[in-house]
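A quick write-up on the structure given underneath.
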Amino acid sequence: MNNLKHRLSNLAGKTSREMKPAIKKSIMAAVTVAALSFGAGNAALAADSDLTTMYHVYVNNKFVGTVTDKAQVEQLVEDKLASVEKEYEDLDVELGLDVSFVPEQVFSSAANANTSEVLEVLKDELTVQAEASALVINEKPIAYVKDQEAANEVLKTLMLQYITEEELAEVESRKESPNLLLPEVKENETRILDAYFTQEVSHSEEKVDPEKVLSVEEAVQLLKKGTLEEKKYQVQEGDVLGSIANSHNLTLAELLSLNEGLTEDVVLKPGQELNVTFLKPFVEVVVDRQVYAEEEVAYQKEVIKDDSMFKGDTKTKQEGQVGMKGVTSTLTEQNGRVTKKEVIKEAILKEPVKEIIVKGTKVVPSRGDGTFVWPTNGGYISSRQGYRWNRMHKGIDIARPSNYTIKAADNGKVIYAGNKGDGYGNKIIIDHQNGYRTMYAHLASISVSVGQSVSRGSKIGVMGRTGNSTGIHLHFEVFQNGRNIDPLSKVNR
C-alpha cells in the first residue's frame, strides 16, 4: 500500500510539471487507481489490447466530467488567464478555483467522455482573483486597490485635500519628536498641530474579483463621499417631496439640501430629476491648527439725558472707536469645516473709545419727537402710496376703522384746518416742528383750529368722504423737510 501511495504521488507531480508556465495557479493532478482483477486469460487480453488514458475533471474537488485530452482544459484555463491579464494588466491575477485531473486507463475512452460539456461548465465556473490591498474601517473592507503602495497613496491623497504637502511633512516630523516645544504663533500666522482621520484605517492583503479593484482616485472618492455614483430620481406623476424622500431613506430636510433651489412648496413636474444620494463619508480628515489673528473690540455706548434739548433731538458728544486685540486660538476642522474654536490667549492692542450720545428730554406740547402713532382706530390700507390712475397718489388711504375718530400722529401745531377746494375736502395739516408735517384729508368734520397745539393720539376730526372721494376713508400724507415720503416708513400700527 505504501508503495502504491508513492507511485501516485510521483504521477501527480509529473502531471503538474507538464502544465504550461503561463497558468499562475496550478491545475492539480491526482490519480485514482481502480482495482482491476485480471485472470490469466484476461491478463493476456489486456496485454494485447490498446489501453488509452482518459481524465476525470474536478473543480474544487467536485466532479464535472470526463475528457480524453486534458490539454483542451489547460488551454481554456490559459486563455481565461491571458484575457484577464490583458484587461487588468497592472494587477497580479490568478485562478479563483482549483482544477484537477484523475487519470484512468481504459480500453475505450470515447463512450465515456463528455469533453464539450466539461468545457462549457468550466467556461461558466472559471473565475480569476487579483492580489489586492483592502482599506479596512471598523474591521470591514471598504475599498480595494492594487497594492499597499496604492493604499498609502489613497490616504495621503485624501489628507492632502485639506492640508498642504508642507503641513503633512510637518505633522509627520512632529510625531517623531512629540516633546519638541513650539514657539508662539505670530501675527497673521497659522500653524498646523495635527492631522488625522475620524476612523482608524488599516490594510489587509486579500484576493478579490479584479472588477472590485479601484484606482487611487476612485478609492479617494469612495472614502470621501461614501459612494462612487450619485443617484438621480426622475419625478413621476403624483409624486410629492415627502414620498420621494421616504422611498430613498432621506428626511425631507436632507432631500431639500441635496437639490439647490428646491423648497417645500415647489410644484414637481413629471420628468424632473432630483438628486437622492445623501453623501455619508466613510472617513473624514480632522485638522487641528493654532491661529493668531487681530480682532476688533466693540466700543460701548453711553446715553446722557439733557433736559435743555428737545425730546427727539440727539447729538454726539464723543465718537466711538473700535479697539483691537490679538487672539491666539486653536481650531479644529473636519473636512474643511470648523467644528471647534478655543481661545487660549488674548491681549488688548488698542483700547476702544466709548461713544457718548446726548439725548434731549425736554417736552413741548407743540413739538413732536418723530415717533408717529396710527392716525385712526384700526382699519386697513385700501390704497398705498404710488402711481394710481396715471397720477401719483402721495399718501395712503385708510378705511373701515372701528370708529371714525381721526388722531394726531405726533405732537405739533395745527397750521391748516379747512377746505381749499383742491379735491382733498376738509383737511388738517400739522407741523410737528422737528422737520415733519402730516396731512389728514376727506374729513367729515374738523375738531381743531389753526395755531392750536395738539398731542400725539388726540382727536383732531372725524373721518368722512368730502372732496374727491369714492367712500369714507382717511387720506394721510407725511412730509420730511418739505419732501413727501411714504407714511408707512414712519407710522406704527
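Side notes on the structure shown:
- Computed extension length for GLN148-ASP194: 14.2 nm, one decimal, from 0.36 nm per residue of separation with the Cα-Cα distance subtracted.
- Placing pseudo-labels 7 Å out from each Cα toward the beta carbon at VAL240 and ILE356 gives an inter-label distance of 6.4 nm.
- Estimated FRET transfer efficiency (ARG384, GLU131; beta-carbon r; R0 60 Å; 0.05): 0.15
- Residues MET309, MET439 arranged by fewest to most Cβ contacts within 10 Å: MET309, MET439
- Secondary structure note: in the chain, about 90% of the DSSP beta bridges are antiparallel.
- Other residues lying with their Cβ under 11 Å from the Cβ of GLY323 contribute a combined charge of -1, Lys and Arg counting +1, Asp and Glu -1.
- For the chain, the longest principal axis of the C-alpha atoms and the axis of helix 165-176 are separated by about 70°.
- Spin-label model, LYS305/THR263: points 7 Å from Cα along the beta carbon direction are separated by 4.6 nm.
- Contour minus Cα-Cα distance for VAL121 and ARG493 (0.36 nm per residue): 125.1 nm
- Modelled label reach - VAL364, point 7 Å along Cα→Cβ, the range 398-437 residues with backbone N closer than 12 Å: 412-413, 432-435
- Dimensions of the chain from C-alpha coordinates, computed as largest minus smallest value along each principal axis and given longest first, are 154, 67, 33 Å.
- Once the Cβ-Cβ distance of GLU139 and LYS225 is raised to the sixth power relative to R0 = 22 Å, the FRET efficiency obtained is 0.50.
- Take the Cβ atoms of LEU51 and HIS203, set R0 to 60 Å, and the FRET efficiency comes out at 0.65.
- Over 21 Å between alpha carbons, listed pairs LYS186/LYS354; LYS394/LYS490; LYS362/LYS394; LYS407/LYS427; LYS175/LYS340; LYS224/LYS341: LYS186/LYS354; LYS362/LYS394; LYS175/LYS340; LYS224/LYS341
- Only alpha carbons enter this Debye calculation for the range 269-410, each as an equal point scatterer, and the log10 of I(q)/I(0) it gives at q = 0.11, 0.14, 0.15, 0.16 Å⁻¹ is -0.86, -0.87, -0.91, -0.96.
- Here the convex hull built on the C-alpha positions of the range 101-258 has a volume of 250 cubic angstrom per residue.
- Packing rank of 411-417, 365-371, 342-348, where each peptide gets the mean count of other beta carbons within 10 Å, highest leading: 411-417, 365-371, 342-348
- Taking label points 7 Å from Cα along the Cα-to-Cβ direction, ASN60 and ALA399 give a separation of 8.6 nm.
Every read-out reported here was derived from the displayed coordinates using simple, explicitly stated rules and does not represent laboratory data. It should be emphasised that the depicted structure is a prediction, and the values quoted were computed from it without experimental measurement. Positions of Cβ are backbone-derived with ideal geometry, glycine not excepted, and every protein chain shown enters the neighbour counts.
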